[in-house]
Amino acid sequence: MSNPTEPIPTEPIPSGPFPTSNLGMPDVLKHLESEGQTVRVGTIVWGAVVIALGILVILIRQAGLQLDAGETAMWLLFGAGLAMVAGGTVNLLRKKQTQR
C-alpha cells in the first residue's frame with residue numbers, strides 16, 4: 001500500500017480462533033445471540049461497580065468531596081456481593097420454575 005489514496009481492503013483479517021464476519025464480530029457471538037443466551041449476573045454487577053467508581057471519581061474531582069477510599073471500596077464491594085447473591089438466587093428460582 002504505497003499510495004495513501006488506495007482503498008483499505010474490506011475483507012476481515014482472521015485474528016483468533018473464531019472466524020469473523022465483515023463487521024468484525026466473531027461468528028461465535030452471533031451464534032450465542034441466536035440461541036438467546038443471557039448475560040451473566042456477575043458481568044452486570046462488576047460493570048455497575050466500575051461505572052459507580054467512575055462516577056465517584058468524577059464527583060470527587062468536580063465537587064471537591066472528601067471520601068475515605070477504604071470505606072467507599074468496602075461499601076461498593078458489599079453492594080456488589082449483595083447484588084450477585086440476589087441475582088444468582090433469582091436465576092436459580094427462574095430455572096427451577098422453567099423445569100416444572
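Just to verify a result, which residue in segment 50-100, among those that are within 24 Å of the chain's Cα centre (by Cα) and of a type in the set (Ser, Thr, Tyr), is modelled with the lowest pLDDT?
Applying the filter and picking the extreme gives Thr72.
Considering only segment 76-100, state which residues are surrounded by 11 or more Cβ atoms within 10 Å (Cβ to Cβ) and of a type in the set (A, V, I, L, M, F, W, C).
Leu76, Leu77, Ala80, Leu82, Ala83, Met84, Val85, Ala86, Val90
The values are calculated or read from the model by the stated rules, or taken from the named source; none is laboratory data. Keep in mind that what you see is a predicted model, and the values were worked out from it rather than measured. Positions of Cβ are backbone-derived with ideal geometry, glycine not excepted, and every protein chain shown enters the neighbour counts.
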